[in-house]
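Each remark here refers to the structure printed beneath this line.
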Amino acid sequence: MHCFTYREDPDQEPRVALTPGTAERLNRLGCTLFAPTGAGLGSHFPDRAYTGVTFQDRSTPSPDARLLLKLQPPTPEEIAGMPDGAVLLSLLDPFRRGELLPLLAGKNITAICLEMIPRSTLAQKMDVLSSQANLAGYAAVLQAAQEIPTILPMMSTPAGTLKPARVFVVGVGVAGLQAIATAKRLGARVEAFDTRPVVEEQVKSLGAKFVKIDLGDTGQTDQGYAKELTDEQIARQREGMKKICAQSQAVITTAKLFGRPSPTLITKEMVSAMQPGSVIVDLAVDTGGNVEGSRANENVLTDEGVLICGHPALERTVPQHASEMFASNVAHFLEHFWNSDSASLELPEDDEIVRATVLTKNGQVVHPSFRK
Ligand code: NAD
């Protein structure tokens with residue numbers, strides 16, 4: 001099966017959907033691999049690090065490519081250059097980039113949306129949101145540690161004792177848990193909050209303190225995602241978080257709602273009450289942000305001296321590991337649905353993972369959430 005991996009726009013995205021390790025795995029399946037020259041360079045994988053991949057000058061797939069691997073959603077121009085009837089695996093951001101779906105259907109592409117991998121034990125190894133969120137949570141703490149004017153651990157010296165920094169993690173999903181673990185390893189005093197009550201035990205097991213704020217009924221969806229709060233609950237949450245934000249040197253926000261804009265949890269007033277030199281890392285900035293005043297791809301310094309860091313996808317700061325994880329998720333998907341007799345991908349329509357992820361097929365938008 002002829003498989004083409006795209007080179008991502010080097011100004012926007014250092015990660016790549018095929019690494020030297022996954023190229024070996026896909027070769028073993030019987031894929032014939034093609035990629036544009038320099039596809040892995042952003043992740044420090046030069047062409048020579050790959051075996052069994054033909055690197056070519058052209059940046060678009062040839063007409064006989066059947067399988068297309070990509071990381072960021074394709075542009076309309078990239079879709080126009082796709083071979084009719086190919087299978088595409090990529091992030092597709094369908095809740096915000098719905099305009100791409102008729103274009104993909106128009107080219108008869110079977111579009112597999114990696115964000116829609118279900119949260120089941122079986123599909124865990126294919127879950128790109130989790131693998132990337134883990135790295136983002138780690139990177140958020142390193143960014144905060146570099147920006148605050150203090151160290152994270154307690155330090156006793158003949159000159160005196162330095163108190164540990166206080167880190168407050170808001171939203172304890174995959175990224176938040178990793179942020180807590182990383183901040184604890186670096187010696188910070190860590191507090192955390194999430195609206196899903198099941199999280200309390202996980203926070204405590206990492207040695208952090210769970211902040212109790214009574215919001216009444218909150219719950220979670222059957223996929224494990226948070227439910228949207230009422231305006232009154234959000235107001236209560238802000239009130240409960242105000243004092244902790246004011247006492248923290250670093251606040252890391254990761255609170256997201258799947259398929260919907262993220263809630264604003266830290267208002268301008270709460271930011272103003274924080275100490276000069278303190279830092280907020282808003283990992284939800286690309287979905288609307290948890291912090292009033294945060295801006296995507298910018299560090300905003302407030303008049304009171306608080307730095308709000310709004311870099312989406314902080315996993316890009318560790319692109320080699322991020323690519324390894326992403327590409328491995330993709331390889332797991334392909335291995336799972338591979339028919340070794342025909343050396344091709346087989347996507348049974350009644351399969352749970354297929355039903356959740358295939359957005360377009362046979363010239364139509366087929367996913368119930370996006371069908372018009
Ligand atoms: P996410 O990225 O959608 O959200 C991040 C966190 O923000 C969540 O914990 C959510 O509860 C929280 N949040 C939302 N609104 C909030 C608010 N107002 N205040 C504070 N926190 C708020 O979630 P995620 O990281 O993808 O994961 C959510 C859960 O799903 C986790 O428990 C995770 O372990 C679980 N999960 C399971 C699987 C699987 O079973 N295969 C895979 C991935 C994640």
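The values are calculated or read from the model by the stated rules, or taken from the named source; none is laboratory data. Predicted model only: the values in this text are computed from it and were never measured. Note that we place each Cβ from the backbone using ideal geometry, even for glycine, and neighbour counts take in every protein chain shown.
Can you report the number of residues in the range 223-260 which are of a type outside the set (Ser, Thr, Tyr), away from the ligand (no atom under 11 Å from the Cβ) and outside any helix (DSSP H, G or I)?
Kept after step one, since they are of a type outside the set (Ser, Thr, Tyr), are these residues of the range 223-260: 223-224, 226-229, 231-247, 249-252, 255-260.
From what's left, away from the ligand (no atom under 11 Å from the Cβ): 231-232, 235, 239, 242-247, 249-252.
Keeping just the survivors that are outside any helix (DSSP H, G or I) gives 249-252.
Selection size over the range 223-260: 4.
Filter the range 336-372 down to the residues that are among the charged types (D, E, K, R) and closer than 17 Å to Lys107 by Cα and list them by number.
To start, the set of residues in the range 336-372 that are among the charged types (D, E, K, R) comprises 341, 346, 349-352, 355, 361, 371-372.
Within the range 336-372, Lys361, Arg371 meet the criteria.
How many residues are part of a loop (DSSP other than H, G, I, E, B) and surrounded by 12 or more Cβ atoms within 10 Å (Cβ to Cβ) if we restrict to the range 47-63?
5
Is it true that Leu122 is touching a residue at least 24 places away in the same chain (Cβ under 8 Å), within 10 Å of the ligand (Cβ to nearest atom) and farther than 24 Å from Leu283 by Cα?
On the way: touching a residue at least 24 places away in the same chain (Cβ under 8 Å): yes; within 10 Å of the ligand (Cβ to nearest atom): yes; farther than 24 Å from Leu283 by Cα: yes.
Yes, satisfied.
Going by what's in this entry, would Arg28 be described as under 25 Å from Ser342 (Cα atoms) and free of Cβ contacts under 8 Å to residues at least 12 places away in the same chain? Steps first, please.
Numbers: under 25 Å from Ser342 (Cα atoms): yes; free of Cβ contacts under 8 Å to residues at least 12 places away in the same chain: yes.
The answer is yes for Arg28.
In the range 98-122, how many are buried (at least 18 other Cβ atoms within 10 Å of the Cβ), over 17 Å from the mean Cα position of the chain (by Cα) and assigned to a helix (DSSP H, G or I)?
5
Quick one: count up the residues across the range 235-263 that are within 24 Å of the chain's Cα centre (by Cα) and not hydroxyl-bearing (Ser, Thr, Tyr). If you could, list the steps in order and put the result at the bottom.
Quick first cut of the range 235-263, residues within 24 Å of the chain's Cα centre (by Cα) only: 250-263.
Checking which are not hydroxyl-bearing (Ser, Thr, Tyr) leaves us with 250-252, 255-261, 263.
Adding up the residues that qualify gives 11.
Restricting attention to the range 72-87, report how many residues are surrounded by 21 or more Cβ atoms within 10 Å (Cβ to Cβ) and within 18 Å of Ser369 (Cβ to Cβ).
Number satisfying all stated conditions: 0.
For the range 305-342, which residues satisfy the criterion of being assigned to a loop (DSSP other than H, G, I, E, B), modelled with pLDDT of 95 or more and more than 23 Å from Ala255 (Cβ to Cβ)?
The answer is Gly305, Phe337.
What tally of residues in the range 191-209 results from selecting those that are within 21 Å of the chain's Cα centre (by Cα) and either at positive phi or more than 12 Å from the ligand (Cβ to nearest atom) (or both)? Even if it seems obvious, please write down each step before you answer.
Step one: list which residues in the range 191-209 are within 21 Å of the chain's Cα centre (by Cα), which gives 192-196, 199, 202-203.
Filter again for either at positive phi or more than 12 Å from the ligand (Cβ to nearest atom) (or both), leaving none.
Qualifying residue count, the range 191-209: 0.
May I ask you to verify whether Glu115 is within 16 Å of the ligand (Cβ to nearest atom) and either touching a residue at least 24 places away in the same chain (Cβ under 8 Å) or not polar (S, T, N, Q) (or both)?
Working: within 16 Å of the ligand (Cβ to nearest atom): yes; either touching a residue at least 24 places away in the same chain (Cβ under 8 Å) or not polar (S, T, N, Q) (or both): yes.
Here the answer is yes, as Glu115 does meet what is asked.
Across the range 266-290, what is the total count of residues that are more than 30 Å from Val16 (Cα to Cα), not acidic (Asp, Glu) and not in a loop (DSSP other than H, G, I, E, B)?
The initial filter retains those residues of the range 266-290 that are more than 30 Å from Val16 (Cα to Cα), namely 266-279.
Those left that are additionally not acidic (Asp, Glu): 266-268, 270-279.
From the residues that got through so far, the ones that are not in a loop (DSSP other than H, G, I, E, B) too are 266, 268, 270-272, 279.
Of the residues in the range 266-290, 6 are more than 30 Å from Val16 (Cα to Cα), not acidic (Asp, Glu) and not in a loop (DSSP other than H, G, I, E, B).
Filter the range 281-308 down to residues that are among the hydrophobic types (A, V, I, L, M, F, W, C) and touching a Leu at 6+ places or on another chain (Cβ under 6 Å) and give me whichever is nearest to the ligand (Cβ to nearest atom).
Narrowing the range 281-308 to residues among the hydrophobic types (A, V, I, L, M, F, W, C): 281, 283-285, 291, 296, 300-301, 306-308.
Then keep just the ones that are touching a Leu at 6+ places or on another chain (Cβ under 6 Å); that gives 301, 307.
Numbers: Leu301: 25, Leu307: 21 Å.
Residue satisfying both the conditions and the ranking: Leu307.
Hey, among the residues in the range 157-190 that are part of a helix (DSSP H, G or I), closer than 26 Å to Ile234 by Cα and free of Cβ contacts under 8 Å to residues at least 60 places away in the same chain, which one's farthest from the ligand (Cβ to nearest atom)?
Checked the range 157-190; the qualifying residue farthest from the ligand (Cβ to nearest atom) is Ile180.
Only one of these is in contact with a Cys (Cβ under 7 Å, 6 or more places away or on another chain), away from the ligand (no atom under 16 Å from the Cβ) and within 25 Å of Gln320 (Cβ to Cβ): Leu92, Leu152, Leu88, Leu142. Name it. Quick ask: steps written out before the conclusion?
On the way: Leu152 fails: in contact with a Cys (Cβ under 7 Å, 6 or more places away or on another chain); Leu88 fails: in contact with a Cys (Cβ under 7 Å, 6 or more places away or on another chain); Leu142 fails: in contact with a Cys (Cβ under 7 Å, 6 or more places away or on another chain).
Selected residue: Leu92, the only one of Leu92, Leu152, Leu88, Leu142 that is in contact with a Cys (Cβ under 7 Å, 6 or more places away or on another chain), away from the ligand (no atom under 16 Å from the Cβ) and within 25 Å of Gln320 (Cβ to Cβ).
Ser278 is checked against (1) surrounded by 15 or more Cβ atoms within 10 Å (Cβ to Cβ); (2) near the ligand (Cβ under 10 Å from one of its atoms) and fails just one. What number does that condition carry?
Condition not satisfied by Ser278: (2).
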